[in-house]
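Reviewing the structure listed below.
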């Protein structure tokens, strides 16, 4: 892609980025920061490309290190954000089963903990 | 293996970019936040799968192995980390992302034939390294591996200036000549600059710096996208850079500070430096039983939680105390200052973990007029966010920061570890007022004692 097209996309993305968070309440500042933090973990795509085209062992080693770091950013970022937001649900006792929640070990644990707390 | 058509690849990257935008949008409201985060994760999966099927890659088993290692380390840590340690974990993840961007740029330098591509390379190198080293220092500060106070030494501004000048020189040389050795030097200078940038920042301002470094990493990722000619990296990185900048300003505004003041305040003789001196003015300290009587016979109690509660892991005890009081007929609310704790929204997360009903968590604007009708304001491990100096003392470092008006309550009870001032390092005059009672000790222990005494009433 030529430089001008990339510049156009960059400038438009700046405005989308400004717009998309301009009215967020302070309660969600931390999860939003953490979610944005996870998104820049997408540098993983760049790290994969570099590692996949490496021919020299040193280059490969450094590129694989970048893959590990980027994965940690991406996966850890989304997981930690999900954990923060997990805390925000289940407020209303009469709320029916939440739609869209993944069944999984983490979820069940949260559920059990909530129940124990509630019965105290 | 046949590769995906470039147009299909472009469409899949576009889809991932849209998912990221929807993710940020979703994170704007409590109702849609969790779904937003999942959408973002889905977008990331789409992008990573796409790169494997659209690019001719060698070393695929090794790459997959590296991905397994990265997830294998990060996911369990993220899942198990305690709520109080979440800010430093976010800092850590941000740092490694910046580090990854810098490494990608370094490895791409030999392939960067155009000068303007090398401009993007040096930008990514420098900003990625600053983000990595800066995040490492914030991590150390939040984890209390080092002092949380601003670290300033006489030559700091000069040193910082010299490092930046050298970095600009090295960057120009790399752009003109493409020397790998100078690129390594630039990386090193970036690391030093990152450390010097964060050292003078005081504990309470660290969250804002995390947000700023988060925006930096976003910009580094965007620049690495320019280096690789990858539109998705450009869009995702720019989105984070832009939204992170806005978020940083919003956080700083919630504290009544400017971003420049936070970064350079300590350079100019320390607005956050303050003093650690312990005052010897008389205060009224009291026993858990007395506090229990105050609370137990009140009509209305407002609890103001702060970082002390988080450190002591006292959120469950605070929730129990609120429950015990409500069963006696007292109305209890929690007043949440936007920047109480180590990160904005920290207290909400913490108290939600302890199953405090959402309706009891009141934001500052909502609760401030209600302190007038409260019998007791119970301040648990908070200080600066209730300090009237923010309104009255023009020279104070927190002057202008909106505060919780606990002074309006009939009685104010502080649960504090000691008379040491808060992060801003300034004394709180409210503690010497006649309506104020202090109970010294660890927040959780004090709350447990008060809870026991309330139950025995």
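Taken together, the values in this text are just the output of simple stated rules run on the coordinates, not laboratory data. Note that the coordinates shown come from a computational prediction; the quantities given were computed from them, not determined experimentally. All Cβ positions, glycine included, derive from the backbone under ideal geometry; neighbour counts span all protein chains shown.
Overview of values
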read-out: Relative packing of peptides B:180-191, B:162-173, B:54-65, A:64-75 - highest average C-beta neighbours within 10 Å first; value: A:64-75, B:180-191, B:162-173, B:54-65
read-out: Alpha carbon convex hull of segment B:288-455, volume per residue in cubic angstrom; value: 97
read-out: Computed Rg/Rh of segment A:28-92, alpha carbon atoms with Kirkwood Rh; value: 1.21
read-out: Span per principal axis, largest first, for the Cα atoms of segment B:41-128 (Å); value: 47, 30, 22
read-out: Ascending count of other beta-carbon atoms within 10 Å, so fewest first, for B:415, B:14; value: B:14, B:415
read-out: Estimated Rh, segment B:6-264: Kirkwood, alpha-carbon pairs, angstrom; value: 19.3
read-out: Gap separating the Cα centres of segment B:114-154 and segment A:14-74, nearest whole Å; value: 16
read-out: Estimated translational D of segment B:74-189 in µm²/s (Stokes, Kirkwood radius over Cα pairs; 4 °C; 1.567 mPa s); value: 83
read-out: CD proxy at 222 nm, helix term only [per DSSP H run n ≥ 4: -39500 (n - 2.57); per residue of the protein assembly as shown; nearest 500]; value: -20000 deg cm²/dmol
read-out: Length-normalised contact order for chain B - Cα pairs under 8 Å, 6+ apart - percent; value: 14
read-out: Volume in Å³ per residue [convex hull over Cα atoms, computed for segment B:1-80]; value: 84
read-out: Pairwise Cα inverse-distance average, inverted: Kirkwood Rh of chain B (Å); value: 24.1
read-out: Cα Rg, Dmax, segment B:1-155, angstrom units; value: 18.9, 61
read-out: Cβ crowding within 10 Å averaged over residues, with B:300-311, B:128-139, B:103-114 ranked highest first; value: B:128-139, B:300-311, B:103-114
read-out: Among B:403-410, B:381-388, B:218-225, the order from most to least packed when residues are scored by Cβ within 10 Å on average; value: B:218-225, B:381-388, B:403-410
read-out: Volume in Å³ per residue [convex hull over Cα atoms, computed for the protein assembly as shown]; value: 141
read-out: Förster-model FRET efficiency, 51 Å R0, residue B:328 and residue B:147, C-beta, rounded to 0.05; value: 0.75
read-out: Degrees, to the nearest 10: B:315-327 long Cα axis against longest axis of chain B; value: 40
read-out: Rg over Rh [alpha-carbon atoms, Kirkwood Rh] for segment B:318-396; value: 0.98
read-out: Shielding score for B:14-25, defined as the mean number of other chain Cβ atoms within 10 Å; value: 4
read-out: Partner chain coverage, peptide B:83-93 - average Cβ within 10 angstrom; value: 5
read-out: Average other protein chain Cβ within 10 Å of Cβ, residues A:4-17; value: 6
read-out: Pair residue B:85, residue B:116: separation of 7 Å Cα→Cβ label points (nm); value: 4.7
read-out: Chain B: angle of helix B:86-108 to the longest principal axis, Cα-based, in degrees nearest 10; value: 10
